[in-house]
1. Sequence-distant or interchain residues sharing an amide H contact under 5 Å with SER33, placed H: which?
2. Along the charge dipole of region 135-200, pointing to its positive end and built from +1/-1 on Cβ of Lys, Arg, Asp and Glu, which listed residue (ALA156, VAL175, SER193) has its Cα farthest out?
3. Nothing charged except the Cβ atoms of Lys and Arg (+1) and of Asp and Glu (-1): what's the magnitude of the dipole of region 135-200 about its Cα centre? Round to the nearest 20 debye.
4. With point charges of +1 on the Cβ of Lys and Arg and -1 on the Cβ of Asp and Glu, referenced to the Cα centre of region 3-121, which listed residue (VAL74, CYS85, THR57) lies farthest in the positive direction of the dipole?
5. Give me the Å³ per residue figure for the convex hull around the C-alpha atoms of region 135-200.
6. Tell me, how many Å apart are the Cα centres for region 1-55 and for region 110-131?
7. Can you tell me the 0 to 90 degree angle between the C-alpha axis of helix 12-23 and the longest principal axis of the chain, rounded to 10?
8. Between GLN11 and GLU112, what is the FRET efficiency for a Förster distance of 22 Å, r being their Cβ-Cβ separation, to the nearest 0.05?
Amino acid sequence: MQYGVVIADDQGVARKYFEFVIGADPELRVLYSLPSLGSVQSCCAARRVDLALLGATFADGSSGIDIIPVVKSVSPSTKILIVGCSSGSYLIDRARELGADGFWCKDSAEPELAGVLSDVLSGLGAWPKDPPDVPIGDALMSELTASETDVLCEIATGASNRMIAEALGIEIGTVKSHINHLLRKTGLSNRTSLAIEARLRGIAAGSVVRCPRYER
């Protein structure tokens, strides 16, 4: 029996590597290799997909993490492995919360992808141990308060102060205060710089859920 795999990642080199690793295993075969997330749901609905290998962040702001519930709704038996850079525990926590079966950091030498695929398909799951903290300007994500993290996640989506206040249920003045604290901690000059830095780190890229907190 061969396991069918769907790949969705907007980095061509990464897709080729995933295809190579999967192609080297006689028990696996690539059903679809996609540069975006748009067709993942229909692919999983159209035929049996045993594993969906989804990029954590895409250049267009979408995220494989956000479509985990959609994939699970049309194909509950499909295992989902999120792949991304070593960007700290918040993306990993989000993926786990939404029902992923594993997370692989593609800029880390260990563990090897082949072993991770095997663990995910066997039901063991595969989650990074001790993920690194993430720098935001001169600060680390772990140094931000829970409220500052929430505001930063909203800033990363391009939300205005009013939109952030409505989303988080706080006053606009409180939003401005958190932004000032973020600028002071990170050493960045303005909210645009905050948004750019956060997006580069994959924070809240297209996310429709709150960023999970670090343990404090």
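Values in this text are rule-based calculations from the coordinates and carry no lab data. This is a predicted model, so every value here is computed, not measured. Here the Cβ positions follow ideal geometry from the backbone for every residue, glycine too, while neighbour counts run over all protein chains shown.
1. ILE7
2. SER193
3. It works out to roughly 180 debye.
4. VAL74
5. 67 Å³
6. Rounded to whole Å, the Cα centres lie 16 Å apart.
7. With rounding to tens, the tilt is 40 degrees.
8. 0.70
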